[in-house]
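The values are calculated or read from the model by the stated rules, or taken from the named source; none is laboratory data. Not measured: the values here are computed from a predicted model. Using ideal geometry, Cβ is built from the backbone for each residue, glycine included, and neighbour counts are taken over all protein chains shown. Just so you know, the surface numbers come from the protein's heavy atoms only, side chains and all, with ligands and any DNA or RNA stripped out. Shrake-Rupley method; radii C 1.70, N 1.55, O 1.52, S 1.80 Å.
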Amino acid sequence: MCGIVGFTGRRQACPILLDGLEHLEYRGYDSAGIAISDGNKDHPLHIRRVKGRLRALREMTHDGQTEQGSSGIGHTRWATHGEPTVENAHPHVSGEGRVAVVHNGIIENYQDLRVTLEKRGYVFQSQTDTETVAHLLDYYYKGDAVDAIMRTVMHLRGSFALGILFQDRPGEVWGVRRDSPLIAATSDDGAFIASDVPAILPYTRNVCYLNNMEIVHLTEDGAEFFNMDGEHIDKDFQQVQWDVEAAEKGGYAHFMLKEIHEQPKAMQDTIHPHIRDGRIVLDELGMSDEEIRAVRRIQMVACGSAWHVCMTARYVMEQMAGLPVDVDLASEFRYRNPVLEEGTLLMVVSQSGETADSLAALRYGKDHGMRTLAIVNVMGSSIAREADRVFYTSAGPEIAVATTKAYSTQLAACYMLAMHFAIVRGTMSEEDYSRHVTALLALPHQIEQLLGCENRMQWLAGKYANSRDAFFIGRGLDYASVLEGALKLKEISYIHAEAYAAGELKHGTISLIEKGSMVLAVATQKELLEKEVSNIVEVKSRGATMLGLTMEGNYAMEDQVDFTIYVPRTEDCFYPSLVVIPLQLLAYYVSLARGIDVDKPRNLAKSVTVE
Ligand code: G6P
């Protein structure tokens with residue numbers, strides 16, 4: 001949800017900002033802009049803004065060569081307030097260019113602030129909430145930057161990560177955050193701020209995560225930090241472990257395809273460190289057996305694909321650990337005044353660890369006395385820091401907007417938690433447990449094998465690329481899988497795709513089925529196979545073109561559907577991890593066939609840090 005970056009140091013800032021923004025474009029790509037200080041406090045800040053992708057800003061600045069200066073801030077936007085136009089693009093300035101601001105987040109009280117500022121004589125150039133911040137800073141700035149920032153943020157409701165330049169302070173970049181992520185980083189050449197680590201990885205690994213309401217001041221000699229009393233604070237820096245290549249395409253046409261292919265390794269990296277002598281070891285989680293036995297109910301919350309993971313986890317956790325599990329969309333949970341019983345464990349699943357609604361749901365649970373456990377991919381993210389217990393997935397950086405490897409590793413984390421809870425609570429036999437551990441360990445290799453169906457999925461995608469609608473059906477765990485399959489297809493191909501519990505079709509949806517409707521049925525759950533075949537027959541007899549996804553050996557499926565895709569055999573509860581691979585590939589190749597920018601589909605952003 002918008003990416004911000006800032007640099008000051010002993011190099012030209014503009015090319016560094018453009019590179020940084022390129023790595024943040026996954027957060028939004030409606031418009032882009034930069035502000036550069038040329039080092040002379042009598043010169044106005046140089047502002048360059050474009051509508052659309054970053055490449056337009058590259059062209060405008062000749063790859064950063066036209067803007068001379070060693071400090072600056074940059075922004076790539078996911079529009080919230082005001083259309084994606086040049087006027088609404090960041091940076092926003094005030095006081096005839098004395099202050100420039102880039103912002104990620106939403107200022108909820110911007111309308112009230114705007115009225116007050118207009119009374120003070122400020123003239124607004126955009127429809128954005130951010131412009132109020134620029135004017136407030138100008139209003140409060142009397143030569144003391146910390147004081148002006150403190151006074152400004154005290155008036156802001158909502159979420160923000162801000163990058164700030166003052167014309168009369170050349171060589172300095174300022175930042176502050178609340179509920180939107182911001183990191184600071186230092187290298188021999190200077191200092192950086194950014195919304196996320198990939199933006200600074202080509203330059204340094206020395207990173208510091210800002211907490212809420214902390215201010216950072218960058219100079220060419222490094223970074224210093226202040227609290228909201230204006231006092232200096234000490235903060236620790238960490239060394240990022242990823243390689244730069246992990247955030248690059250590495251020869252693949254798109255990040256999504258690369259990340260699909262990284263799934264065997266991501267699964268391996270997530271599962272293997274937790275298996276010792278055939279047993280699941282979750283020491284790092286820090287949950288004692290007593291704590292696990294004291295859990296009476298699980299409440300899962302998440303957004304998007306992570307919510308689909310929760311839908312899968314519900315079946316698995318209830319079946320294995322015998323615990324009742326409720327699943328909510330985080331955006332619903334936080335406002336529906338849920339009744340929370342004692343002994344409920346709140347589980348939040350999030351790749352980024354920054355999703356605004358998931359974070360708010362976590363805080364709601366904590367405020368209501370619940371124990372909390374988060375499954376998160378990004379170390380040091382807000383959800384990871386605020387949850388009582390954290391299970392880190394090891395997917396590595398995920399760049400494509402449509403999640404693939406993060407989803408797979410979240411599933412693996414849920415399986416391991418369910419099995420561990422089950423054995424501690426005595427709801428699973430030793431024999432079942434060992435069988436499941438063996439099957440779990442086999443998943444990375446089975447996914448590798450399945451990636452071999454890529455050509456077939458590409459061929460099928462060609463056949464379906466012109467569909468108007470697609471229906472995905474499944475029962476039980478397969479229903480959870482088709483939710484993800486339908487989302488993958490619709491978000492990157494713009495084909496209207498819906499997932500239905502197969503048994504529910506005849507209560508309305510079947511009226512939409514006509515000759516040529518594309519229906520994809522997933523059928524991997526032994527107990528439900530016959531029932532699902534009946535549903536398939538019902539749809540097929542109304543003229544649908546049927547695609548079946550089932551496990552090897554269930555060859556009877558071929559009699560009912562037009563095309564069949566097989567996944568290797570595993571335990572029933574692990575099929576979601578296999579089924580999703582062809583579904584991801586199908587979505588990817590349909591998107592490609594329709595000429596869509598796979599990694600940056602319209603209107604979407606990877607990290608949704610606003611409500
Ligand atoms: C966005 C992404 C989805 C993701 C969801 C939740 O919508 O496009 O892929 O599932 O946010 O994100 P999180 O970081 O909390 O998993």
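Angle of helix 356-367 to the longest C-alpha principal axis of the chain, folded into 0 to 90 degrees and rounded to 10: 80°. Angle of helix 405-425 to the longest C-alpha principal axis of the chain, folded into 0 to 90 degrees and rounded to 10: 60°.
Separation of the stretch 293-314 from the stretch 203-263 is 29 Å, based on Cα centroids. Using the basic label-point model (7 angstrom from Cα toward the beta carbon), what is the residue 445 to residue 279 distance in nanometres? Distance between the two pseudo-spin positions: 2.4 nm. Our helix-only sum for the chain, with -39,500 (n - 2.57) per DSSP H run of n ≥ 4 divided by its residues, gives a mean residue ellipticity at 222 nm of -10500 deg cm²/dmol. Sequence-ordered 3J(HN,Hα) estimates for the stretch 175-182 from the Karplus curve with 6.51, -1.76 and 1.60 and θ = phi - 60° stand at x, 7, 9, 8, 6, 10, x, 8 Hz, glycine and proline given as x. Checking the a/c ratio against 1.5 first, then a/b against b/c, what shape does the Cα gyration tensor give for the stretch 255-428? It is oblate, given that a/c is not under 1.5 and a/b is not larger than b/c.
Summary of packing: across the peptides 343-350, 215-222, 170-177, 504-511, the per-residue average of other C-beta atoms within 10 Å ranks them, highest first, as 343-350, 170-177, 215-222, 504-511. The residues of the stretch 255-428 have, on average, 34 Å² of accessible surface per residue, using a 1.4 Å probe with all protein chains present. Note down the relative contact order for the chain as a percent, whole number, built from C-alpha pairs under 8 angstrom at least six residues apart. Relative contact order for the chain comes out at 12 percent. Based on the alpha-carbon gyration tensor of the chain and its eigenvalue square roots a ≥ b ≥ c, which shape applies: rounded if a/c is under 1.5, prolate if not and a/b is larger than b/c, or oblate? Prolate. Accessible area per residue for the stretch 452-599, computed on protein heavy atoms with a 1.4 Å probe, is 37 Å². Which of the aspartates and glutamates could a cross-linker bridge to residue 235, judged by Cα under 15 Å and excluding same-chain residues fewer than eight apart? Excluding near neighbours in sequence, the set is 214, 224. What the phi angles of the stretch 195-211 give under the Karplus curve with 6.51, -1.76 and 1.60, with θ = phi - 60°, is a coupling list of 6, 7, 4, x, 5, 10, 4, x, 10, 6, 10, 8, 10, 10, 8, 6, 8 Hz, glycine and proline written as x.
Per residue, how much accessible surface does the stretch 3-247 expose to a 1.4 Å probe? Answer in Å², no decimals.
On the way: 9430 Å² over 245 residues.
Accessible area per residue, the stretch 3-247: 38 Å².
Relative to the longest principal axis of the chain, what angle (0 to 90°, nearest 10) does the C-alpha long axis of helix 477-493 take? Compared with the principal axis, the helix lies near 40 degrees. Shape of the stretch 452-599 from its Cα gyration tensor (a ≥ b ≥ c, root eigenvalues): rounded if a/c is under 1.5, otherwise prolate when a/b > b/c, or oblate? Verdict is oblate for the stretch 452-599. Counting only protein heavy atoms and using a 1.4 Å probe, what share of the accessible area of the chain belongs to carbon plus sulfur, as a whole percent? Solvent-exposed carbon and sulfur of the chain make up 46 percent of the total.
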